[in-house]
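Here the structure is laid out as C-alpha cells; the discussion comes afterwards.
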C-alpha cells in the first residue's frame, strides 16, 4: 500500500503500487473495504490527491503519468477523464494550492534507490495541466 487520501464521506482511498489497485476503506468498518473498479492500468500508483468529492488524481511513477479519475457512484468505480504525462523522473506525490492548482513531485526515487553517482541533488515540482 502506498497512496492514501481521506474522503469527507467517511472513508479512505488507498493505492496499492505493485498491482495498481485502488481501495475504498470505510472508517467505521475498515474490514469491509472494497476494491474500486477501473479499466485503467494503474500499476505503479503512488500519490493520491482528492480534488473534490468525485475527482481523484493518481500518480503512477513507473508509467510517468498522473491520471484524473472520476466517479459517479461514490468510488465504487472510476474512469479516466484526463492524463498528465510527466518526465521520466519517478513522480511520487501531489500537493494542492488554493483548491485550483495541483503540483507533482519528480522524486528521482529510482536513482536514489540505485545509489547513482553522483547522487541526485535537484528535484522538480511541476504544475499539472491535463490533456
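Inspect the stretch 106-120 for any residue being modelled with pLDDT under 90, assigned to a strand (DSSP E or B), touching a strand residue (DSSP E or B) at 6+ places or on another chain (Cβ under 8 Å) and under 14 Å from residue 47 (Cα atoms) and give the result as yes or no.
Step one: of the stretch 106-120, the residues modelled with pLDDT under 90 are 106-120.
Now narrow it down to the ones that are assigned to a strand (DSSP E or B): 106.
Next, only the ones that are touching a strand residue (DSSP E or B) at 6+ places or on another chain (Cβ under 8 Å) stay: 106.
Checking which are under 14 Å from residue 47 (Cα atoms) leaves us with 106.
Taking every residue of the stretch 106-120 in turn, at least one turns out to be modelled with pLDDT under 90, assigned to a strand (DSSP E or B), touching a strand residue (DSSP E or B) at 6+ places or on another chain (Cβ under 8 Å) and under 14 Å from residue 47 (Cα atoms).
Can you say whether residue 10 is more than 13 Å from the chain's Cα centre (by Cα) and without any contact (Cβ under 8 Å) to a residue 60 or more places away in the chain, as far as the supplied structure shows? Walk me through it before giving the result.
Numbers: more than 13 Å from the chain's Cα centre (by Cα): yes; without any contact (Cβ under 8 Å) to a residue 60 or more places away in the chain: yes.
Answer is yes for this residue.
Being assigned to a strand (DSSP E or B) and either over 18 Å from the mean Cα position of the chain (by Cα) or within 18 Å of residue 72 (Cα to Cα) (or both) is the filter here, so list the residues in the stretch 15-39 that pass it.
22, 23, 24, 25, 26, 34, 35, 37
For the stretch 63-80: of the residues being more than 12 Å from the chain's Cα centre (by Cα) and without any contact (Cβ under 8 Å) to a residue 40 or more places away in the chain, which is surrounded by the most Cβ atoms within 10 Å (Cβ to Cβ)?
71
Identify, from the list 10, 20, the residue that is exposed (fewer than 12 other Cβ atoms within 10 Å of the Cβ), on the phi > 0 side of the Ramachandran plot and at pLDDT 95 or above.
Numbers: 20 fails: exposed (fewer than 12 other Cβ atoms within 10 Å of the Cβ).
On inspection, the qualifying residue turns out to be 10.
Exactly one condition in (1) in contact with a strand residue (DSSP E or B) (Cβ under 8 Å, 6 or more places away or on another chain); (2) surrounded by 12 or more Cβ atoms within 10 Å (Cβ to Cβ); (3) modelled with pLDDT of 85 or more is false for residue 101; which is it?
It fails just one condition, (2).
Consider the stretch 45-57. How many of its residues are under 17 Å from residue 101 (Cβ atoms) and either surrounded by 15 or more Cβ atoms within 10 Å (Cβ to Cβ) or touching a helix residue (DSSP H, G or I) at 6+ places or on another chain (Cβ under 7 Å) (or both)?
Keep residues of the stretch 45-57 that are under 17 Å from residue 101 (Cβ atoms), which gives 47-52, 55-57.
Checking the rest, the ones that are also either surrounded by 15 or more Cβ atoms within 10 Å (Cβ to Cβ) or touching a helix residue (DSSP H, G or I) at 6+ places or on another chain (Cβ under 7 Å) (or both) come to 47-51, 55-57.
Total satisfying the criteria: 8.
Could you grab me the full set of residues in the stretch 45-61 that are more than 12 Å from the chain's Cα centre (by Cα) and part of a loop (DSSP other than H, G, I, E, B)?
Once the filter is applied, which keeps residues that are more than 12 Å from the chain's Cα centre (by Cα) and part of a loop (DSSP other than H, G, I, E, B), the stretch 45-61 yields 53, 54.
Looking at 69, 87, 42, 94, can you tell me which residue is within 14 Å of residue 128 (Cβ to Cβ) and either outside any strand (DSSP E or B) or touching a helix residue (DSSP H, G or I) at 6+ places or on another chain (Cβ under 6 Å) (or both)? Working first, answer last.
On the way: 69 fails: either outside any strand (DSSP E or B) or touching a helix residue (DSSP H, G or I) at 6+ places or on another chain (Cβ under 6 Å) (or both); 42 fails: within 14 Å of residue 128 (Cβ to Cβ); 94 fails: either outside any strand (DSSP E or B) or touching a helix residue (DSSP H, G or I) at 6+ places or on another chain (Cβ under 6 Å) (or both).
Sole residue among the options that is within 14 Å of residue 128 (Cβ to Cβ) and either outside any strand (DSSP E or B) or touching a helix residue (DSSP H, G or I) at 6+ places or on another chain (Cβ under 6 Å) (or both): 87.
The values are calculated or read from the model by the stated rules, or taken from the named source; none is laboratory data. In this text the structure is predicted, and so the values were computed from the model without any measurement. FYI the Cβ positions are ideal-geometry reconstructions off the backbone, even for glycines, and counts take in every protein chain you see.
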